[in-house]
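Beneath this line is the structure, given in structure tokens, with notes to follow.
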Amino acid sequence: MIDFEKYSDERICVTVPVTLPGGNNDVKVFMKRTDLVHPVISGNKWYKMKYNIVEMQKQGFDTLLTFGGAYSNHIHAAAHAGKLFGFKTIGLIRGEEHLPLNATLQSAVNNGMKLHYVDRTTFRKRETNEFLNSVKGKFGDVYILPVGGTNTVALKGCAEIIDQIDIDYDYICSASGSGGTFAGLVAGLQGDKKAIAFPALKGGKFLEKVIYGLVFDYTGKSFNNWELNTDYHFGGFAKLSRELIEFTHEFNKLNNFELDYIYTNKMMLGIADLIRKGFFKSGETIIAIHSGGLQGNIGMKEKVQKILGRKDQ
Ligand SMILES: *Cc1c(COP(=O)(O)O)cnc(C)c1O
């Protein structure tokens, strides 16, 4: 088995107090900085991938095939993991090829990932047997890691994040996309404390079933100490508003580190808003997971500038 400690000392992921724009109202807010875990395989993607690599090697595969959008943090991380740990990687990318490649995909190619483009309709069918059989037919014997790196195996690493938090708290909060990270956190909590997921996409309610299923598959149990808050998607995945951007920049300035523009900023704004509304009470302690994603900020820069440049908002 890979000695992961040789590649990252996970104790570097400190839990630090943060100041929210608008103030904390005596609610104690911390971030668990999993973005620090590795310079490229950042944040939750490290924790989700770890035991998948172990599983892949145990099953005797030398190639990992996975999926993602053109700016995917997971694709970026998986390619680098392949280079670092010595396995081949294939990325099935949603949509058409655009040249020159953006920074995310260029980095993936530089790390040896072979990219194939899948039209959006087919991409939506990626979990069907028909599609998976066609993948096996085309690429041979490969270890298939679903979108976002989320499967039952991924929960093991994410559950370990809970063990690494060394202060007492009332709530764990995490941004959510495919649900794997949050499901791992819930598994790690084993019914203790409370947990809230903030989906970064519109219509995130479906994640309730997904998370429930993942937690049950992994632990054989179901817990009721968690909930979704679907109010802070800001119009959908990778959508931004002036309010959200200004919040993000102010947060970065106050705390001397950055949030990403897709996931963690929406969660932190949600937390700030819920404090204002009295959902979180004075004296309570919240740990929000900084799940990384900073490589994606390069791809969001143009959108950010465009929104800030608009005068009519
Ligand atoms: C991928 C990602 C998430 C979403 O994690 P899921 O396990 O897919 O829910 C959250 N935050 C960041 C920064 C990510 O890159």
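What is the one condition in (1) away from the ligand (no atom under 13 Å from the Cβ); (2) more than 28 Å from Asn25 (Cβ to Cβ) that Glu243 does not satisfy?
(2)
For residues in segment 276-306 being open to solvent by 10 Å² or more (accessible area, probe 1.4 Å) and among the hydrophobic types (A, V, I, L, M, F, W, C), which is nearest to Met31 (Cα to Cα)?
Among those residues, the one meeting the criterion is Leu294.
Among the residues of segment 259-303, write down those that are of a type in the set (Val, Ile, Thr), within 16 Å of the ligand (Cβ to nearest atom) and more than 19 Å from Ile161 (Cα to Cα). Reasoning before the result, please.
Applying the first criterion (of a type in the set (Val, Ile, Thr)) to segment 259-303 yields 262, 264, 271, 275, 285-287, 289, 298.
Going one step further and asking which of them are within 16 Å of the ligand (Cβ to nearest atom), we end up with 262, 264, 271, 287, 289, 298.
Of everything in segment 259-303, those that are of a type in the set (Val, Ile, Thr), within 16 Å of the ligand (Cβ to nearest atom) and more than 19 Å from Ile161 (Cα to Cα) turn out to be Ile262, Ile271, Ile298.
Do you know which of the residues in segment 247-258 that are surrounded by fewer than 20 Cβ atoms within 10 Å (Cβ to Cβ) and either in a loop (DSSP other than H, G, I, E, B) or in contact (Cβ under 8 Å) with a residue 60 or more places away in the chain (or both) is nearest to the ligand (Cβ to nearest atom)?
Pass one, segment 247-258, residues surrounded by fewer than 20 Cβ atoms within 10 Å (Cβ to Cβ): 249-250, 252-258.
With the extra rule that they be either in a loop (DSSP other than H, G, I, E, B) or in contact (Cβ under 8 Å) with a residue 60 or more places away in the chain (or both), the set shrinks to 250, 254-258.
Values: Glu250: 19, Leu254: 20, Asn255: 16, Asn256: 19, Phe257: 13, Glu258: 11 Å.
Looking at the filtered set, the residue picked out is Glu258.
Is there a residue being without any contact (Cβ under 8 Å) to a residue 60 or more places away in the chain, loosely packed, with under 15 Cβ neighbours inside 10 Å and in contact with a strand residue (DSSP E or B) (Cβ under 9 Å, 6 or more places away or on another chain) anywhere in segment 38-58?
No, segment 38-58 has no match at all.
Modelled with pLDDT of 95 or more, touching a His at 6+ places or on another chain (Cβ under 6 Å) and open to solvent by less than 50 Å² (accessible area, probe 1.4 Å): does that describe Leu92? First the steps, then the outcome.
Working: modelled with pLDDT of 95 or more: yes; touching a His at 6+ places or on another chain (Cβ under 6 Å): yes; open to solvent by less than 50 Å² (accessible area, probe 1.4 Å): yes.
Yes; evaluated as a whole, the condition is true for this residue.
The values are calculated or read from the model by the stated rules, or taken from the named source; none is laboratory data. Please read all numbers here as calculations on a predicted model, not as lab measurements. Don't worry about glycine lacking a Cβ; one is built from the backbone with ideal geometry, like all the others, and counts go over all protein chains shown. Side chains included, ligands, DNA and RNA excluded: accessible areas come from the protein's heavy atoms. Shrake-Rupley method; radii C 1.70, N 1.55, O 1.52, S 1.80 Å.
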